[in-house]
Amino acid sequence: MEDTIYRIIKLYGEEYKWKCAIFWSYITGEEKSIFSYVTSWYDKGLKGSKFIRLSKQASFGIGEGLIGDVIKSRKYRWIQNISKAEKYRRKDVAMRTGINSIYVAPIVSGKEVLGAIEFLGNKKHFPVDFASTLQTGINQIYLYLKRKESEIQLAKSEEKSQTISELAPAIIYTANEKGLITSLNPAVESITGLKSNDLIGKPVLELFCPDNRDEVATAYKTQRDNNNLVSFEASIVTNKNEDLIAEVKEKTRYLSTGEIERIGIIRDVTERYFLEKQKDLWMGIATHELKTPLSSIKAFSQILTKKGKNIKPKERQNYLLRINKLADEMTGLIQDLLDITKIRTGSLEISSEKCNINELINEVVEEMLPVTNHKVIFKKDEKVYINCDRRRIEQVIINLLSNAIKYSPAGSKIIIKTENKKDTVALSVQDFGKGIEDKNKKHVFELFYRGESKNNSSFGLGLGLYISRAIVNAHNGNIWVESKVDEGSTFFVELPKK
Ligand code: ADP
């Protein structure tokens, strides 16, 4: 930058026999309100002078000193006799150097001031056509500075895009008109495990799984909307043994060279995709699960209505009991659904009262024993008191016990234990059933997760353990499972006493 401006100020300095010309601007600094020395031209007499040294260190805020005044007012100043200049800070040094007249012109367009040029000399009169001739130089400097400013801004915004691209949790690629990859951000390696260097120069299509490349190629060709945006979902290749489902968005843009560049973002949406699929599947099951008891209730009540007084009291009692049981099942399911809404909206409220965990377990076991032929063994520890939400912890115990019953053979043992620890009370429910595969252990507490059942019978909806974990977490406790396939599972819960 200094070179171009130096040439211009030198031209005017020499031509009009000034001793020195200094260019001031904010353009080299960070702040737009501080103007400082950028470059200067001076004749031999001033070489190494204190005046030049002082000028190199000087800077002005808008309105400060003579230069600051010119910048603020956007008007030139001509001072023939420097000794009378009130605001000229370098006055003494200038005079000692043999300078006594100054002309300062702003580099200005409209309201915008980019800098100022100061011409210093020893003139009795202002050079006649200097101001008008200088205008050409000022215009040149102005254009030059504007270009420089936009180059700096461009560099800054490129630096910003570069940072965004490095931090983005999605693959960002650019490709040329032929569809060959020209750049990739580091996310490609963390998401797919593939090396970006191996992909540069390859077709964009190679990012996608071979069996959906035709569809992807068609999508890229046909799906551009009015904003030139392509958007679709497809599976992408990885070096792991599972493919990922990705959401792809791409736009094209024209470069200043006239070439076309494609910029795309590929986001891993595998989890969302499967969750949605699971949710759809689950909605079907949940509706079925609500509809079946409802149809039976309807059928039983129709029988009762039709038979009227002609029904035997025992038969009537039987139908009423079954209706009651079915209504309880439905209420339980609806209650679970309401709990899930509470958990997801963060409004699961936990009360606190002193509870004896042994007592709570006894109550649950007594309630459930009549409906199962499992052998339930309860190994109690002493003094297992905690402060907790009695109803909610009971819900957890019911869930663990009914899972143990559901997922182990009829007649097998179920061992419940309590343990009084220093600051916590632990309880466990052990069954000798089908167990849980290692890879599924981390999923059992997830919402909607239901293990596959061999005989395809649907035991549950995958809500119980999710709700149980939320309840235990709300008590600042822990819940986990230890299990071996075909040997059985033990679910542990540990709750703080206070
Ligand atoms: P549900 O039992 O209604 O499906 P849960 O959230 O209670 O829902 O359990 C989620 C899944 O965890 C079950 O579908 C089952 O595959 C597995 N699971 C839970 N408890 C046991 C257990 N005691 N033994 C084996 N698998 C279990």
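The values are calculated or read from the model by the stated rules, or taken from the named source; none is laboratory data. None of the values given here were measured: they were computed from a predicted structure. Here Cβ is always computed from backbone atoms with ideal geometry, including for glycine, and neighbour counts include all displayed protein chains.
Table: residues versus (1) modelled with pLDDT of 95 or more; (2) of a type outside the set (K, R); (3) surrounded by 14 or more Cβ atoms within 10 Å (Cβ to Cβ); (4) more than 16 Å from the ligand (Cβ to nearest atom).
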residue	(1), (2), (3), (4)
R344	no, no, no, no
N358	yes, yes, yes, yes
P370	no, yes, no, yes
D381	yes, yes, yes, yes
N387	yes, yes, yes, yes
R392	yes, no, yes, no
S402	no, yes, yes, no
A410	no, yes, no, no
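Does E189 satisfy the condition of being surrounded by 13 or more Cβ atoms within 10 Å (Cβ to Cβ), assigned to a strand (DSSP E or B) and either out of contact with any strand residue (DSSP E or B) (no Cβ under 8 Å at 6 or more places or on another chain) or touching a residue at least 40 places away in the same chain (Cβ under 8 Å) (or both)? So E189 does not fit the description; no. Here G179, G258, G264 are screened, and the one residue that is surrounded by fewer than 13 Cβ atoms within 10 Å (Cβ to Cβ) and not acidic (D, E) is G258.
Criterion first (within 11 Å of the ligand (Cβ to nearest atom) and either more than 16 Å from K354 (Cβ to Cβ) or crowded, with 17+ Cβ neighbours inside 10 Å (or both)) does I398 satisfy it?
Details: within 11 Å of the ligand (Cβ to nearest atom): yes; either more than 16 Å from K354 (Cβ to Cβ) or crowded, with 17+ Cβ neighbours inside 10 Å (or both): yes.
Against the criterion (within 11 Å of the ligand (Cβ to nearest atom) and either more than 16 Å from K354 (Cβ to Cβ) or crowded, with 17+ Cβ neighbours inside 10 Å (or both)), I398 qualifies.
Among the residues of the range 334-350, is there at least one that is touching a strand residue (DSSP E or B) at 6+ places or on another chain (Cβ under 9 Å) and touching a residue at least 24 places away in the same chain (Cβ under 8 Å)? Yes - at least one qualifying residue is present in the range 334-350.
Let's see how each residue does on (1) part of a loop (DSSP other than H, G, I, E, B); (2) in contact with a strand residue (DSSP E or B) (Cβ under 7 Å, 6 or more places away or on another chain):
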position	(1), (2)
M95	no, no
L143	no, no
S165	no, yes
P169	yes, no
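Among the numbered conditions (1) within 8 Å of the ligand (Cβ to nearest atom); (2) surrounded by fewer than 20 Cβ atoms within 10 Å (Cβ to Cβ); (3) of a type outside the set (S, T, N, Q), the only one that I467 does not meet is (2).
Of the residues examined, K434 is one that is buried (at least 16 other Cβ atoms within 10 Å of the Cβ) and either more than 11 Å from the ligand (Cβ to nearest atom) or over 26 Å from R392 (Cβ atoms) (or both).
Mind telling me which of the residues G462, G451 ends up being touching a Phe, Trp or Tyr at 6+ places or on another chain (Cβ under 6 Å), in a loop (DSSP other than H, G, I, E, B), within 30 Å of L275 (Cβ to Cβ) and within 8 Å of the ligand (Cβ to nearest atom)?
On the way: G451 fails: touching a Phe, Trp or Tyr at 6+ places or on another chain (Cβ under 6 Å).
Every option except G462 fails the conditions.
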